[in-house]
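Below is one structure; the comments refer to it alone.
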Amino acid sequence: MELTSSGLKDFFKEVVEMIEKEKDYLCELDRKLGDGDHGVTMSIGWQAVNNKLNNELADIEDCGKVSITVGKTFLNAVGSSVGPLYATGFMRGAKIAKNKTVLNERDLTEYWVAFAKGVKERGQAEVGDKTMVDTLEPFANTLEVSINNSQEFEAAFSDAVKAAEKGMNSTKDIISKKGRSSRLGDRSIGVQDPGATSAYFILSKFLHFIKS
Ligand code: ADP
Ligand code: MG
Ligand code: MG
């Protein structure tokens, strides 16, 4: 498969819609662990992205330019912790997509691995800290392993999303060691991490997008 710049923009538009649908749920998780704003934060960021997609980015064919604009727009629009985290992910992905009007399977693999690594480096969280890294790291590791085992991209991405889901679910039973929820200590046990959840939703949306 290949993803053109208009395909990439269509995917981002689907993320915009998905975030609106999941906004209340993401806030509900964050009410139990943090300050209750994760859904609102994501919505503000993605609505700003939507505005760019419909205006400045409408005629842009460089996937790198599209992705860097998504990252920068998100960063400028979002005040909370996830602002710089997701922004770094999309800006790292943009380096892979630079000057490309079409992304092939290799580019897409490198894009998502760079995305996951970027978030991890920016936030300095490890697996087990109860953050989005619990979703993203197993996702990226599985994607790389499956591709290296010469699996087809769609099957490899599907395996990676399953690993992401497992990682997201694992955040329910652990103590938060990073971000606002770490202040709760033991009381953070029992609730799934909002950022791990939104990260899973984005990856799962991409799988759905390439399958349709
Ligand atoms: P805030 O806590 O500033 O209100 P949000 O509610 O939008 O920000 O996002 C909270 C999410 O950010 C958490 O659920 C967690 O997944 C993620 N997060 C916080 N700190 C880090 C970090 N250092 N590394 C990775 N993810 C983090
Ligand atoms: Mg919050
Ligand atoms: Mg906040």
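The values are calculated or read from the model by the stated rules, or taken from the named source; none is laboratory data. In this text, all values refer to a predicted model and were calculated from it rather than measured experimentally. Note: ideal-geometry Cβ built from the backbone for every residue, glycine included; neighbour counts use all protein chains shown.
Could you tell me which residue of region 116-162 is nearest to Ser188 (Cα to Cα), considering only residues that are of a type in the set (Lys, Arg) and away from ligand 2 (no atom under 16 Å from the Cβ)?
Ranking the candidates gives Lys120 first.
State the number of residues belonging to region 31-51 that are of a type in the set (Ser, Thr, Tyr) and either near ligand 2 (Cβ under 9 Å from one of its atoms) or part of a loop (DSSP other than H, G, I, E, B) (or both).
Count: 1.
Restricting to region 79-113, count the residues that are within 16 Å of ligand 1 (Cβ to nearest atom), modelled with pLDDT of 95 or more and more than 16 Å from Ser5 (Cβ to Cβ).
10
Can you pull out the residues in region 172-212 that are over 21 Å from Val40 (Cα atoms) and among the β-branched types (Val, Ile, Thr)?
Once the filter is applied, which keeps residues that are over 21 Å from Val40 (Cα atoms) and among the β-branched types (Val, Ile, Thr), region 172-212 yields Ile174, Ile175, Ile189, Ile210.
Would you check if there is a residue in region 84-99 being in contact (Cβ under 8 Å) with a residue 40 or more places away in the chain, of a type in the set (S, T, N, Q) and not in a helix (DSSP H, G or I)?
Scanning region 84-99, I find no residue that is in contact (Cβ under 8 Å) with a residue 40 or more places away in the chain, of a type in the set (S, T, N, Q) and not in a helix (DSSP H, G or I), so the answer is no.
Hey, among Leu29, Leu53, which residue is surrounded by 17 or more Cβ atoms within 10 Å (Cβ to Cβ), farther than 22 Å from Glu110 by Cβ and touching a residue at least 60 places away in the same chain (Cβ under 8 Å)?
Among Leu29, Leu53, only Leu29 is surrounded by 17 or more Cβ atoms within 10 Å (Cβ to Cβ), farther than 22 Å from Glu110 by Cβ and touching a residue at least 60 places away in the same chain (Cβ under 8 Å).
Counting only residues that are more than 27 Å from Glu17 (Cβ to Cβ), give me the helices (runs of 4 or more DSSP H) lying completely in region 113-212 with at least 2 of them.
133-148
Here is a check on your reading of the model: is Asp134 under 22 Å from Asp30 (Cβ atoms), touching a residue at least 60 places away in the same chain (Cβ under 8 Å) and among the acidic types (Asp, Glu)?
yes
Between a first residue in region 68-82 that is among the aromatic types (Phe, Trp, Tyr) and a second residue that is within 13 Å of ligand 1 (Cβ to nearest atom), which pairs have beta carbons less than 8 Å apart while being 6 or more apart in sequence or on different chains?
Phe74/Gly45; Phe74/Trp46; Phe74/Gly83; Phe74/Tyr86; Phe74/Ala87
Here's a check for you: in region 71-101, which residue that is closer than 17 Å to Asn51 by Cα and of a type in the set (A, V, I, L, M) is nearest to ligand 2 (Cβ to nearest atom)?
Checked region 71-101; the qualifying residue nearest to ligand 2 (Cβ to nearest atom) is Val78.
Please go through region 185-207 and give me each residue that is surrounded by fewer than 16 Cβ atoms within 10 Å (Cβ to Cβ) and touching a residue at least 12 places away in the same chain (Cβ under 8 Å), ordered by number.
Once the filter is applied, which keeps residues that are surrounded by fewer than 16 Cβ atoms within 10 Å (Cβ to Cβ) and touching a residue at least 12 places away in the same chain (Cβ under 8 Å), region 185-207 yields Ile189, Gly190.
Within region 61-78, is there a residue that is within 15 Å of ligand 3 (Cβ to nearest atom), modelled with pLDDT under 95, crowded, with 20+ Cβ neighbours inside 10 Å and outside any helix (DSSP H, G or I)?
Taking every residue of region 61-78 in turn, none turns out to be within 15 Å of ligand 3 (Cβ to nearest atom), modelled with pLDDT under 95, crowded, with 20+ Cβ neighbours inside 10 Å and outside any helix (DSSP H, G or I).
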